[in-house]
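K.L.:
Would you mind keeping the following structure in view while I ask a few things?
The values are calculated or read from the model by the stated rules, or taken from the named source; none is laboratory data. For clarity, every value in this text was computed on a predicted model and none was experimentally measured. Neighbour counts are summed over all protein chains in view; Cβ atoms, including those assigned to glycine, are modelled from backbone coordinates with ideal geometry.
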Amino acid sequence: MKASFTTGPCVLPIICVDHFRKVKRTPTIKTSDDRDIFEVLNFSEPGADQKDHEWPKQDKVRKMVDLLPEDQREVIILRHYADLSFKEIADLTSCSINTALGRMRYGLINLRKMMTEKQIAL
């Protein structure tokens with residue numbers, strides 16, 4: 001135990017220097033609203049061949065979502081397409097967060113049932 005205590009002060013400055021060298025190599029660029037530029041930019045745009053394969057999948061999912069009960073459909077659309085938090089969904093739909101979570105859960109369960117019944121694979 002004594003050896004690890006004596007080597008600790010020697011290793012700590014090396015770890016600190018390595019950290020600052022790494023930070024120095026990767027500069028951060030901030031936007032005007034103080035967000036990292038790599039959070040804003042999308043570098044992984046799908047190619048034309050990938051886009052052609054995505055449309056049928058999106059159409060299938062959209063048709064299945066349209067078959068859900070209104071309350072479940074509303075929560076799924078607000079969560080996945082509008083990218084809202086459950087608190088925001090609860091405020092918009094005038095229900096509690098737990099109710100919004102439950103509607104989401106049952107909506108996803110119903111979507112899975114539809115997929116197995118119709119033998120749809122995405």
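K.L.:
Considering each of 13, 27, 46 in turn, give the residue that is in a helix (DSSP H, G or I) and either modelled with pLDDT of 70 or more or on the phi < 0 side of the Ramachandran plot (or both).
P.N.:
13
K.L.:
Okay, moving on. Scan the range 98-114 for residues that are surrounded by 14 or more Cβ atoms within 10 Å (Cβ to Cβ) and β-branched (Val, Ile, Thr) and report the count.
P.N.:
Qualifying residue count, the range 98-114: 1.
K.L.:
Filter the range 86-122 for residues that are of a type in the set (Gly, Ala, Ser) and either in contact with a helix residue (DSSP H, G or I) (Cβ under 8 Å, 6 or more places away or on another chain) or outside the structural domain of residue 56 (by TED's automatic domain parsing) (or both) and give the result.
P.N.:
90, 96, 100, 107, 121 - these are the residues of the range 86-122 that are of a type in the set (Gly, Ala, Ser) and either in contact with a helix residue (DSSP H, G or I) (Cβ under 8 Å, 6 or more places away or on another chain) or outside the structural domain of residue 56 (by TED's automatic domain parsing) (or both).
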